Amino acid sequence: MMKMLGDIYQDLIDAGALQADDAQLTVLPEFDRIRAALSVPVKKGLFRKAPEPPEGLYLWGGVGRGKSMLMDLFVEHLEGIPARRVHFHAFMQEIHTAMHEVRKTGVEDAIAPVAADVAASVRLLAFDEMQITDITDAMIVGRLFEALFADGVVVVTTSNRVPDDLYHNGLNRDLFLPFIALIKEKMNVVELTSPTDYRQDRLGGQPVYFTPINAEARAAMEAVWNDLAGGPGEPLILKVKGREVELPAFRNGVARAGFHDLCGKPLGPADFLALAEAVKVLMLDNVPTLSRNNFNEAKRFVTLIDALYEAKVRLICSAAAKPEMLYLEGEGTFEFERTASRLREMQSEGWGL
Ligand SMILES: Nc1ncnc2c1ncn2[C@@H]1O[C@H](COP(=O)(O)OP(=O)(O)OP(=O)(O)O)[C@@H](O)[C@H]1O
Ligand SMILES: [Mg+2]
């Protein structure tokens, strides 16, 4: 007998690891439904038809409500069901790479073999943060998931948007609409209505700007990472207009990079906007003082902060000086006043809500 997720959840509350949340509790039976259906072994035989796979789950809702946490709880308790949990963006990147390889062999319809390959190794795909912003993704997801579902793959995903709002205002959106219909057909769409943003709760009242850069600041940044990301990160590569922007560490909506990873490379507004769309929290290490000697880095930093600010991404950083003291001389000091003010505002409790 599998232990029900509601009981596992209760154990975590009793242990003080989680706060009781009725809205979270309400969606757990959805995960149990899928676990139960998938725990029946598939015995394909001459006279036996594989059982119809269960409906998947599309769990959506506001930031920090616990969607990823619940999905992880589910994935950790699959007890041998072949599954893969992957960030949606990273998965799509793999798909594009695999399709590119297949095309090299002269195959025209690359989606079918790539989907077959994915389906051969898993019964369940658990995606974190399904969102479609890129036209190259938008134009293939319909046929890709059609093929995956046809092969019996069950899909569970988290998202910040209701399916009808996916690829909102995207180019050629009418060609994307069949994917929305497919989601509604193959997945149960459930909103996680928890009133609490737990990520905000965790950050509430805590310092998020550490200066100067010393052992204490480094230790504080580590502590924040461990609390918010909850484990080792993996690189996240964003494709922007054919370029690749690499975030060295990413986990559970939290990205971490050094100042030079982002501001020391020839990145521009489009890159920072893509970054701001892809993450909920950016941890930026080692922001130096800025001057005419590192004018380009300073300019990029201003652009980065603007992008984060507009997208309401939380910023946690270690810096050589307080915001007002970061950029004291040289061209651009005037523009930097706004950046400093935004940096201040972004530190305040409740910012981004
Ligand atoms: N009931 C709870 N009690 C305590 N902490 C919680 C609870 N639910 C979630 N958390 C914590 O709150 C943080 C945010 O949760 P999570 O990442 O699952 O949110 P999310 O809904 O996936 O947000 P997003 O849409 O931004 O990805 C995590 O650190 C998570 O462990
Ligand atoms: Mg999440």
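The values are calculated or read from the model by the stated rules, or taken from the named source; none is laboratory data. On a predicted model such as this, the values are computed, not experimentally measured, just so you know. Note: ideal-geometry Cβ built from the backbone for every residue, glycine included; neighbour counts use all protein chains shown. Ligands, DNA and RNA are stripped out before the accessible areas are found, and what is left, the full protein with its side chains, is counted by its heavy atoms. Shrake-Rupley method; radii C 1.70, N 1.55, O 1.52, S 1.80 Å.
Based on what the data block shows, is Gly142 away from ligand 2 (no atom under 16 Å from the Cβ) and outside any helix (DSSP H, G or I)?
It is false that Gly142 is away from ligand 2 (no atom under 16 Å from the Cβ) and outside any helix (DSSP H, G or I).
Rundown of residues vs (1) of a type in the set (A, V, I, L, M, F, W, C); (2) in the same structural domain as Asp128 (by TED's automatic domain parsing); (3) touching a Lys or Arg at 6+ places or on another chain (Cβ under 9 Å), yes/no style:
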site	(1), (2), (3)
Met187	yes, yes, no
Phe210	yes, no, yes
Gly230	no, no, yes
Lys241	no, no, no
Gly253	no, no, yes
Arg256	no, no, no
Gly264	no, no, yes
Leu275	yes, no, no
Asp285	no, no, yes
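When you look at Leu182, is it in a strand (DSSP E or B) and either of a type in the set (Val, Ile, Thr) or more than 11 Å from ligand 1 (Cβ to nearest atom) (or both), yes or no?
So Leu182 does not fit the description; no.
So, of the residues in segment 163-207 that are in contact with an Asp or Glu (Cβ under 8 Å, 6 or more places away or on another chain), of a type in the set (A, V, I, L, M) and more than 16 Å from ligand 2 (Cβ to nearest atom), which turns out to be farthest from Gly253 (Cα to Cα)?
Selected residue: Leu182.
Just wondering, is there one or more residues in segment 189-201 that are closer than 15 Å to Leu315 by Cβ, open to solvent by 40 Å² or more (accessible area, probe 1.4 Å) and modelled with pLDDT under 95?
Yes.
Quick test for you: out of Asp117, Asp137, pick the one residue that is under 21 Å from Ile237 (Cβ atoms), touching a residue at least 40 places away in the same chain (Cβ under 8 Å), among the charged types (D, E, K, R) and assigned to a helix (DSSP H, G or I).
Asp137
Any residue at all in segment 342-352 that's within 18 Å of the chain's Cα centre (by Cα) and modelled with pLDDT under 90?
Yes - at least one qualifying residue is present in segment 342-352.
Looking at (1) closer than 24 Å to Leu203 by Cβ; (2) in a helix (DSSP H, G or I); (3) touching a strand residue (DSSP E or B) at 6+ places or on another chain (Cβ under 6 Å), find the lone condition where Thr339 falls short.
For Thr339, the exception is condition (3).
Pairs please, first residue from segment 64-75 and more than 8 Å from ligand 1 (Cβ to nearest atom), second anywhere and open to solvent by 10 Å² or more (accessible area, probe 1.4 Å) and charged (D, E, K, R), Cβ atoms under 6 Å, 6+ apart in sequence or on different chains.
Cβ pairs passing all conditions: Val75/Arg85.
Determine whether Val118 is open to solvent by 20 Å² or more (accessible area, probe 1.4 Å) and under 16 Å from Val153 (Cβ atoms).
yes
If you go through segment 62-90, how many residues are closer than 19 Å to Gln24 by Cα, more than 15 Å from ligand 2 (Cβ to nearest atom) and either open to solvent by 20 Å² or more (accessible area, probe 1.4 Å) or in contact with a Cys (Cβ under 9 Å, 6 or more places away or on another chain) (or both)?
Number of matching residues: 2.
Is it true that some residue in segment 156-177 is out of contact with any strand residue (DSSP E or B) (no Cβ under 9 Å at 6 or more places or on another chain), surrounded by 15 or more Cβ atoms within 10 Å (Cβ to Cβ), in the same structural domain as Glu55 (by TED's automatic domain parsing) and in a helix (DSSP H, G or I)?
yes
Being away from ligand 2 (no atom under 16 Å from the Cβ) and either touching a Cys at 6+ places or on another chain (Cβ under 7 Å) or among the small types (Gly, Ala, Ser) (or both) is the requirement here; does Ala120 meet it?
Considered against the rule, which asks whether it is away from ligand 2 (no atom under 16 Å from the Cβ) and either touching a Cys at 6+ places or on another chain (Cβ under 7 Å) or among the small types (Gly, Ala, Ser) (or both), Ala120 comes out as yes.
Restricting to segment 232-253, count the residues that are open to solvent by less than 80 Å² (accessible area, probe 1.4 Å) and farther than 19 Å from Ile95 by Cβ.
Total satisfying the criteria: 6.
When you scan segment 141-155, how many residues do you find that are under 21 Å from Glu30 (Cα atoms) and surrounded by fewer than 19 Cβ atoms within 10 Å (Cβ to Cβ)?
1
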